[in-house]
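Quick notes on the structure that follows.
The values are calculated or read from the model by the stated rules, or taken from the named source; none is laboratory data. Every value quoted in this text rests on a predicted model; they were computed, and no experiment measured them. FYI the Cβ positions are ideal-geometry reconstructions off the backbone, even for glycines, and counts take in every protein chain you see.
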């Protein structure tokens with residue numbers, strides 16, 4: 001599959017052959033959904049916590065006798081039914097992460113890349129570089145290209161000036177090739193890869 005390569009000034013500078021094994025797979029929504037859930041679960045801190053009946057302050061003495069008072073039967077002050085009592089089945093500190101096979105995650109990443117290519121929202125740049133790390137300069141270039149929500153994936157660590165200029169723009173994310181992931185690819189409308197990033201992704205996933 002061929003794709004045009006553009007400069008950051010939106011000039012065509014050539015073509016690139018994209019591997020069908022990475023950019024030509026059919027859409028699998030089930031794969032994408034499972035990997036996105038896996039990523040979001042790993043992000044959860046799991047620090048939510050409430051006190052159960054064994055942890056709240058209060059006597060464990062039975063408040064009054066079981067029968068003969070005309071009142072409903074009751075145990076101690078810590079029961080969940082009473083104000084100030086412990087929470088029943090409340091959240092506790094735990095890890096929300098779950099396992100997902102490595103090959104499954106790689107297939108989902110290739111599917112996400114293929115989905116962007118099939119929708120015509122995958123663009124290849126010769127390189128993502130700026131002369132100086134100015135947000136105003138990058139914003140002007142993005143407006144010229146018509147990109148309002150974009151993820152840029154570059155090879156290696158990428159250009160420092162480009163990353164610095166993009167930090168103040170909420171519409172653009174910049175990732176190294178090693179950090180490419182399904183969630184960030186899907187959350188942005190446009191996916192932009194540099195020519196070097198395409199080569200590294202194909203070597204990693206093909």
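Taking the listed residues 31, 18, 63, 27, the one that is over 30 Å from residue 126 (Cα atoms) and touching a helix residue (DSSP H, G or I) at 6+ places or on another chain (Cβ under 9 Å) is 31, with no other qualifying.
Applying the criterion of at least 3 residues that are over 25 Å from residue 109 (Cα atoms) to the helices (runs of 4 or more DSSP H) found wholly in region 133-206 leaves 135-145, 160-166. Taking first residues from region 18-29 that are surrounded by 13 or more Cβ atoms within 10 Å (Cβ to Cβ) and partners that are not in a helix (DSSP H, G or I), the Cβ contacts under 7 Å between residues at least 6 apart in sequence or on separate chains come to 18/1; 18/3; 19/206; 22/206; 23/1; 24/1.
So is residue 63 touching a strand residue (DSSP E or B) at 6+ places or on another chain (Cβ under 8 Å) and either modelled with pLDDT under 95 or closer than 25 Å to residue 201 by Cα (or both) or not?
In short, no.
Residues of region 1-44 being in contact with a strand residue (DSSP E or B) (Cβ under 8 Å, 6 or more places away or on another chain) and assigned to a loop (DSSP other than H, G, I, E, B), which ones? Quick ask: steps written out before the conclusion?
As a first pass, look at region 1-44 and keep what is in contact with a strand residue (DSSP E or B) (Cβ under 8 Å, 6 or more places away or on another chain): 1-8, 12-18, 23.
1, 7, 8, 18, listed by residue number.
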